[in-house]
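Shown next, in structure tokens, is the structure this report addresses.
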Amino acid sequence: MKEQPAVPDQVREKEEVRKKILERWEALGPVEKKDRVALVRHLSDTLDIPKIVIEQHLAEWESSKGG
Amino acid sequence: MKTLETLDHDVLLALTRHDYDACVSLYMPIRRIGAEARQNLVLFRQLCQDANQKMERYKVDKALQETLRASLRGLEAEDSLWQNRTDGLAIFTAEDGVHAYHAPIAFAAQAFVDRRFYIRPLLSLLRRQGTLSLVLLNQEGARLLTCHADGCDEVLPPRHLRSLQDYLGRYALDKSLQFHSNASPAAHADSGYAPAYHGQGAAGDGVQANKYLEEYYHHFKNWLLKDGKLPHRVYLAADAHNEGLFRKAVAGLRVELIPLIKKNIRQMDDGEITAAVQAALEHAARRDGDAAYGDLPQTEAAVMHSPAQIVKAAHEKRIRTLFLPESENQLWGWFDRKKHQAIVESESDVMVGEELYNLAAIRTLQTGGAVIVRGGDGMQTTAVCRW
């Protein structure tokens, strides 16, 4: 059987971060999502992840959804 | 000889726990440079001579005089005493031993023979007690230090907050920024800190780096807020640029940021930090002392200025705070334990006297009170009593 290549830690970590952010994001209602700047700050603080990383993941996710 | 390594409330209590028939306290400045250093022993001998004359005048028991003289003579051969690079030296000799303290201030040369060690010149050094929180900021990252008069201890954040590069590297944000790499990776591993971003690289790196640094400080501040690590007053060692970014990060919080050193400092054992910390601790203590003195109780019975009353109150364990003037005016006499009253008298020719302010300070410390030395016009010795 062909051996599966190991998943690099960084890729796996990135995927975990993305999952955490999107879980929180999707749990929010449309009213809460209105103030995007404050929301990104809040997610950044509660998840202890840089704001820019939150923004990157949200942007990737939104573009993948075509919105 | 026992050397007092540090000076705090407990050390003073231990030093003054005995009353003696007679004991000797010597204070002197220390010259630290080459030929001038030889003057230290000359001055020490003069002070010993002064103490000898006082012991003769006070008619101290001959055998005790000889014991004290022998102790003092023995100190001339104590190299550690004369080679220490501090500004002042205090020596305390009694029948049960000798104590020495190397002080960070130059004392006026004085010799005392009293029934207990004379500690008033040391009291102002208690102002340097306590700790302060110092945040060092620079392009490498932020560090939280808990500092006291003798040095600093670092409170380590989680690994990813120990440097800007660690922080950015965790999310692969450091790819476009160039970091200094002249130090070996092993050196970084030893220090636990990553190399500094040097502000060069792709176009726009400077702007981007500032954004990253601001965000890093924001998360460092979040870590400080956890578990109450961010006190009401935080001292900073940083240049204007880093200070500005950190101020933005803590904006809106009830935190007083006090610039202590206005430049970037990388080593926590930097002598400049110790000197600045000592000055800041002393300044804070002076301010607290001034506030306490300006807020004396209005009840006359609770506040007293008469030395005799103060010494009596100190023996009755009544003094909560004793304010002593910085100027060292001495008041000699003795405390009559049978009549329970202080007798004020000029320096005795027939017996070992007691410096009454020193006595009041010792008794106040021994009974849990505070002694505050402060300057200022119109400052007079004042005791605030518990009842």
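FYI, it's all coordinate maths here, none of it is from the lab. Predicted model, so just to flag it, every value in this text is computed and none were measured. Positions of Cβ are generated from backbone atoms using ideal geometry, with glycine treated the same way; all protein chains shown enter the neighbour counts.
What the table below lists for this structure:
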| item | result |
| --- | --- |
| Chain B: calculated mean residue ellipticity at 222 nm from DSSP helix runs of at least 4, using -39500 (n - 2.57) | -11000 deg cm²/dmol |
| Charge dipole of the protein assembly as shown about the Cα centre (unit charges at C-beta), most positive-ward option of A:S44, B:Q49, B:T146 | A:S44 |
| Average Cα contact separation per residue, chain B, under 8 Å, 6 or more apart, as relative contact order % | 17 percent |
| Chain B: DSSP helices with Cα axial extent of at least 27 Å and average Kyte-Doolittle hydropathy no lower than -1.0 | B:205-225, B:271-293 |
| Modelled FRET efficiency - R0 51 Å, B:Q129 with A:S63, Cβ distances, 0.05 increments | 0.30 |
| Those aspartates and glutamates that a straight Cα-Cα span of less than 18 Å connects to B:K312, excepting residues fewer than 8 apart in one chain | B:D19, B:E300, B:D336, B:E345, B:E354, B:E355 |
| Top of B:D290, B:D377, B:D239 by mean-square fluctuation, Gaussian network on chain B, Cα under 10 Å | B:D377 |
| Added length on full extension, which subtracts the Cα-Cα distance from 0.36 nm per residue, B:Q46 to B:D96 | 15.7 nm |
| Net +/- balance of residues flanking B:G294 in space, Cβ distance below 14 Å, scoring K and R +1, D and E -1 | -1 |
| Cα-based reach from B:K317 at 26 Å (exclusive), listing lysines while leaving out same-chain residues under 8 positions away | B:K338, B:K339 |
| Counted charge near B:T16, where neighbours are those whose Cβ lies closer than 10 Å (Asp, Glu -1; Lys, Arg +1) | +2 |
| Residue order, fewest to most beta carbons within 10 Å, for B:V350, B:V384 | B:V350, B:V384 |
| Spacing of the two label points (7 Å from each Cα toward its C-beta) at B:D61 and A:E32, in nm | 8.2 nm |
| For the range B:111-124, Karplus couplings with θ = phi - 60° (6.51, -1.76, 1.60), whole Hz, Gly/Pro x | 10, 10, 10, 8, 7, 8, 5, 8, 10, 4, x, 7, 4, 5 |
| Label-reachable residues, the range B:366-387, where backbone N falls under 17 Å from a point 7 Å from B:L296's Cα toward its Cβ | B:370-387 |
| Modelled FRET efficiency - R0 25 Å, B:N329 with B:Q366, Cβ distances, 0.05 increments | 0.65 |
| Antiparallel content of DSSP bridges confined to chain B, in %, to 5 | 70 percent |
| Of B:K2/B:K62; A:K65/B:K221; A:K19/B:K211; A:K19/B:K221; A:K51/B:K262; A:K33/B:K262, those spanning more than 32 Å from alpha-carbon to alpha-carbon | A:K65/B:K221; A:K33/B:K262 |
